[in-house]
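Beneath this line is the structure, given in structure tokens, with notes to follow.
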Amino acid sequence: MFYIFPKTLLYGRHTITASPTQKLCLLQKLPFNLLSSKPISKTANQHSKVVSYLINTCGLSPKSALSVSKKVDLETPEKPNLVLNVFKHHGFSQTQISKIIEKAPRVLLCKPYVTLVPKFEFFRSLGISGSDLTTLVSTSPGLLSLGLYSKILPNFNALVKLLKSKDKATAAIKRMPVIFYNNVEGTVAALRVHGVPDANIAMLIQRWPKFTMSSPDEFNQTIEIVKKMGISPVGTHFIIAIVAVKSNGKVFWEKKVNVYKSWGLSEEQVIAAFAKCPWCMIASEGKISALMDFFVNKMGREASDVAERPFLISYSLEKRFLPRASVVQFMLSKGLLEQKASRVAQMFICPDKVFMQRCLTSLKDEPQILKLYTGKLDLSEVTKGSV
């Protein structure tokens, strides 16, 4: 139950109406930076007392205390003591409290029964209590600066509507509390206009919420960029492409394009590869370069072979390609595998079980191949006929 909410709350099918006296809690909407309008200017003695308070009472390290002391004006200990007591009363450990103060120091200036308690009660009403609550808040203390009615509730309601389940929405915010910093309703509306299915919108908001945290104009520009690359809004590639464009920005996008171009690919080939598999532009520059080097120099393939199969860039060099390289090279040298790029690529991307079946259990050279695969035999030893 909610018991300190300043006005009627609506989420799911529940309605809670506060009493007139509770409407004073409208101050809940005020951000921390408005809770104290006095400039932060202290005498050396006052500053020393604040630092001591932060160390001895709040549990901060001397370095953190010095940093925090420059961001808050603690004239007397009464208000911060009240804040600390509220945290302790709601089950926060000293370590968690210290962590919150380090990340959101102006919480010490708030009115806890107006700013903190209503949010704690809201989260408890969703089943987020005990260690779940303290972990959520201590890992994302910025939540405490968000308006309950201007940000948290609207986003939660929009998420419930999108996921069609209060439980799913609750699970989503436990995994990704950054969702509350978003404009879920605006993001959903922008993507729906372009024909993106709700299931794909939910995937974006649940898995990569930070990439939707931009102005509506900027987000729409990203959508238009992705559409111009020929990626259909209906498929999941569209969502991955948005993540790729947003995560790279112009500078890193150009750097990655240049890495591909350094291997002889044209910009048109890079864009075409991206449209096929957006993951190829989410990989780091180092990974892209290492994989291109592997396929071109070690495996003797053309750079265009990779561009036509960009999904190869999404696999791990160490975990997938290197363990199989000697086996594939051996099979190619013995004519046990066609030289076609598609067949070679398939040997690298198939699951381990399928790879073992194809290479290790049905071929007469099984002992050699098994040793190659486990790293107990060097390919040069096989080609020299020493085995």
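Numbers for the structure displayed
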read-out	value
Given (1) under 28 Å from the mean Cα position of the chain (by Cα); (2) surrounded by 13 or more Cβ atoms within 10 Å (Cβ to Cβ), number of the condition Leu337 does not satisfy	(1)
Residue check for Leu60: open to solvent by less than 50 Å² (accessible area, probe 1.4 Å), at pLDDT below 95, under 29 Å from Lys174 (Cβ atoms) and assigned to a loop (DSSP other than H, G, I, E, B)	yes
Any chance Met229 is open to solvent by 10 Å² or more (accessible area, probe 1.4 Å) and touching a Pro at 6+ places or on another chain (Cβ under 6 Å)	no
Failed criterion for His194 (all others in (1) open to solvent by less than 50 Å² (accessible area, probe 1.4 Å); (2) within 24 Å of Phe311 (Cβ to Cβ) hold)	(2)
Val270 vs. criteria more than 22 Å from the chain's Cα centre (by Cα) and not acidic (Asp, Glu)	yes
Among the residues listed as Val178, Val184, the single one being of a type outside the set (S, T, N, Q), modelled with pLDDT under 95 and open to solvent by less than 30 Å² (accessible area, probe 1.4 Å)	Val184
Every residue from the stretch 144-157 that is open to solvent by 20 Å² or more (accessible area, probe 1.4 Å) and part of a helix (DSSP H, G or I)	Ser145, Tyr149, Ser150, Lys151, Pro154, Asn157
Matching residues, the stretch 221-242, being assigned to a loop (DSSP other than H, G, I, E, B), among the small types (Gly, Ala, Ser) and at negative phi	Ser232, Gly235
Failed condition for Trp263, given (1) over 16 Å from Leu191 (Cβ atoms); (2) in a helix (DSSP H, G or I)	(2)
Tally, over the stretch 197-218, of residues that are open to solvent by 60 Å² or more (accessible area, probe 1.4 Å) and outside any helix (DSSP H, G or I)	1
Test: residue in the stretch 242-260 that is open to solvent by 50 Å² or more (accessible area, probe 1.4 Å) and over 25 Å from the mean Cα position of the chain (by Cα)	yes
Residues of the stretch 167-184 satisfying the condition of being of a type outside the set (A, V, I, L, M), closer than 15 Å to Ser214 by Cβ and in a helix (DSSP H, G or I)	Tyr181
Every residue from the stretch 269-294 that is closer than 18 Å to Glu224 by Cα, without any contact (Cβ under 8 Å) to a residue 40 or more places away in the chain and open to solvent by 30 Å² or more (accessible area, probe 1.4 Å)	Ala272, Lys276
Some residue of the stretch 309-327 being at pLDDT 95 or above and over 18 Å from Met347 (Cβ atoms)	no
Tally of residues being farther than 19 Å from Lys71 by Cβ and either of a type in the set (D, E, K, R) or open to solvent by 40 Å² or more (accessible area, probe 1.4 Å) (or both) across the stretch 108-143	11
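The values are calculated or read from the model by the stated rules, or taken from the named source; none is laboratory data. None of these values were measured; they are calculated from a predicted model. Note that each Cβ is placed from the backbone with ideal geometry, even for glycine, and that neighbours are counted across all protein chains shown. Accessible surface areas use protein heavy atoms only, side chains included; no ligands, DNA or RNA. Shrake-Rupley method; radii C 1.70, N 1.55, O 1.52, S 1.80 Å.
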